[in-house]
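Enquirer: Let me give you the structure first, and then I'll get to my questions.
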Amino acid sequence: MRWVRIAAVLLLVGTFCLTFLVDPWQNELVNDVPLYNAYADRFLDGVVPYREIGFEYPPLAAPLIALPGLVSLDPETYRYAFAVLVFILAVGVLLATGRLAALGGGREWVALLVVALTPVATGAMIRTHFDLAPVLCLVAGLVAVGTGRVKTGFALFGIGGALKLFPLVAVPIAVAWLIGRGRRGEAAAGLAVAAVAVALTIGAGVAMSADGASNAVEYHVDRPVQIESLPATVLNAIEEAGGEAPKPVQSFRSDGLEHPAADAVTVGFLVLLAIALIALTVAAARVDDVRGLGLAGLAAAAAVASLGKVLSPQFMLWLVPLAAVAWAWGMWALALVTTAAISVTPVWFPDRYFDLVARDDFPLAAVAGRNVLLLLMLALAAWEIRRLVRASRAVVRSTPQARPAVPRSALR
């Protein structure tokens, strides 16, 4: 298997190079690297995030963004240094996803192949955002919990949360999975580790500036519905049905929509998200094998990506491990739909992104189609987890129960 992993890394090198050398994969019309470069310049000059400059990410994102700046702050050199950092993260995601697939009894080589081919589906987007860092923390954390290194796993969830929050959704799922297997002490220890990580993250933000950290939270709360999100698709559907048209707005370094129904629609999707996370947590407690842990944890991240009021194109990177393990575990419908949702995004991003901003019919329809795929993906993930729960129940029912010992006194 060692040579298979090496071959997968080499394939990843090749597909990653596509994003620099060949159209349309090298298209960087819309990307976050210039923003990261500007942040790195300020941070390495001694500017403190939250206190002296607004910063919309959790605290650990600051040193990650600054790291390529240690090579150079020249925009072109920083661009390449950041790409090298992302490639290293991609290799980590590849190996961790393959390991998770193998732990669940799947074909590791299939998962490795899917992750190695990811740049073909995403283009330059994969190397112009730092989302693979929290994705790696999530997948590696699930692997660690699944192999008995519980404290390490929960620490990784916490580190991921300090980078981009969403890996924290795996914490209650992993706790439930451990409790369901009778490992309450490990669950408590892991939860304590995650709590410490969250406390340190909050403490770091407050230490730098309580007001600045509060402003970072308000930044995300106050953002309008983003134009690629599921709530935006609903607002567009209201217009198509004869209702009021949403109003495009540019704010918070993003393109959004304002509409009288925006808050209600957003709350509705947040309720759906809460229901999904609770259901995944309950299901994880009822599945014995690692597939229950892995599928619930990855589906939870996919739910966060899909059901919020912001759905940036790079959030599709959060779905890559889910697609990979679904292919490896023979969950064909889930694998196909998740892969399709990831792959359809380059239809409008980045080349036709500004056509979407201008509300042209084709990109609006493409986004709506992608969002329907995301809903179908979540439904299929729920179906697969339900199937795992039923399989676990069947194993319990078929296991012979030990007969109670007969006291010696009863034989006299």
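The values are calculated or read from the model by the stated rules, or taken from the named source; none is laboratory data. Bear in mind that the values here come from a model prediction, so they are computed numbers and not experimental data. So basically every Cβ, Gly included, is an ideal-geometry build from the backbone, and we count neighbours across all protein chains shown. When the accessible area is computed, the model is the full protein with side chains, heavy atoms only, and any ligands, DNA or RNA have been set aside. Shrake-Rupley method; radii C 1.70, N 1.55, O 1.52, S 1.80 Å.
Enquirer: Tally the residues that are part of a loop (DSSP other than H, G, I, E, B) and either over 21 Å from the mean Cα position of the chain (by Cα) or surrounded by fewer than 20 Cβ atoms within 10 Å (Cβ to Cβ) (or both), restricting the search to segment 31-56. Before the answer, list the steps.
Expert: Residues of segment 31-56 part of a loop (DSSP other than H, G, I, E, B): 31-32, 45-48, 50-52, 54-56.
Still in the running and either over 21 Å from the mean Cα position of the chain (by Cα) or surrounded by fewer than 20 Cβ atoms within 10 Å (Cβ to Cβ) (or both): 31-32, 45-48, 50-52, 54, 56.
The number of residues fulfilling the criteria is 11.
Enquirer: Next up: When you check Ile53 against the structure, is it touching a Phe, Trp or Tyr at 6+ places or on another chain (Cβ under 6 Å) and within 20 Å of Lys164 (Cα to Cα), yes or no? Quick ask: steps written out before the conclusion?
Expert: Numbers: touching a Phe, Trp or Tyr at 6+ places or on another chain (Cβ under 6 Å): no; within 20 Å of Lys164 (Cα to Cα): yes.
Criteria not met by Ile53.
Enquirer: Also, quick follow-up: Of all residues in segment 366-412 being in a loop (DSSP other than H, G, I, E, B) and not β-branched (Val, Ile, Thr), which is modelled with the lowest pLDDT? Lay out the reasoning, then the answer.
Expert: Step one: filter segment 366-412 for residues in a loop (DSSP other than H, G, I, E, B), giving 399-407, 412.
Filter once more, so that each one left must be not β-branched (Val, Ile, Thr): 400-405, 407, 412.
Numbers: Pro400: 60, Gln401: 55, Ala402: 47, Arg403: 49, Pro404: 50, Ala405: 50, Pro407: 50, Arg412: 43.
So, considering only residues that are in a loop (DSSP other than H, G, I, E, B) and not β-branched (Val, Ile, Thr), the one modelled with the lowest pLDDT is Arg412.
Yes/no matrix, rows are residues, columns are (1) more than 23 Å from Val347 (Cα to Cα); (2) open to solvent by less than 20 Å² (accessible area, probe 1.4 Å):
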{"residue": "Leu85", "(1), (2)": "yes, no"}
{"residue": "Ile88", "(1), (2)": "yes, no"}
{"residue": "Ala96", "(1), (2)": "yes, yes"}
{"residue": "Val115", "(1), (2)": "no, yes"}
{"residue": "Val120", "(1), (2)": "no, no"}
{"residue": "His129", "(1), (2)": "no, yes"}
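Enquirer: Looking at (1) surrounded by 23 or more Cβ atoms within 10 Å (Cβ to Cβ); (2) over 23 Å from Val114 (Cα atoms), find the lone condition where Trp329 falls short.
Expert: (2)
Enquirer: Return the total of residues in segment 179-196 being under 22 Å from the mean Cα position of the chain (by Cα) and open to solvent by less than 20 Å² (accessible area, probe 1.4 Å).
Expert: 2
Enquirer: Touching a Gly at 6+ places or on another chain (Cβ under 6 Å) and touching a residue at least 60 places away in the same chain (Cβ under 8 Å) - does that describe any residue in segment 168-187?
Expert: Filtering segment 168-187 down to residues touching a Gly at 6+ places or on another chain (Cβ under 6 Å) leaves 168, 170, 173.
Next, from what is left, pick out any that are touching a residue at least 60 places away in the same chain (Cβ under 8 Å): 170, 173.
Yes, the conditions are met somewhere in segment 168-187.
Enquirer: Does Pro346 fit the bill of being outside any helix (DSSP H, G or I), on the phi < 0 side of the Ramachandran plot and not basic (Lys, Arg)?
Expert: Working: outside any helix (DSSP H, G or I): no; on the phi < 0 side of the Ramachandran plot: yes; not basic (Lys, Arg): yes.
No.
Enquirer: Now a separate question. I want to confirm something. Restricting to segment 263-278 and keeping residues that are farther than 19 Å from Leu138 by Cβ and touching a residue at least 40 places away in the same chain (Cβ under 8 Å), which single residue is surrounded by the fewest Cβ atoms within 10 Å (Cβ to Cβ)?
Expert: Phe269
Enquirer: Follow-up question, since we're still on this one. Quick one: which helices (runs of 4 or more DSSP H) lie wholly within segment 186-291 and hold at least 1 residues that are of a type in the set (Phe, Trp, Tyr)?
Expert: Values: elements: 210-222, 230-240, 262-284.
The helices (runs of 4 or more DSSP H) meeting that bar are 210-222, 262-284.
Enquirer: Quick check on my filter: what residues within segment 214-239 are open to solvent by less than 20 Å² (accessible area, probe 1.4 Å) and not hydroxyl-bearing (Ser, Thr, Tyr)? It would help to see each step written out before you state the result.
Expert: Keep residues of segment 214-239 that are open to solvent by less than 20 Å² (accessible area, probe 1.4 Å), which gives 216, 225-232, 235.
Residues satisfying the conditions are Ala216, Val225, Gln226, Ile227, Glu228, Leu230, Pro231, Ala232, Leu235.
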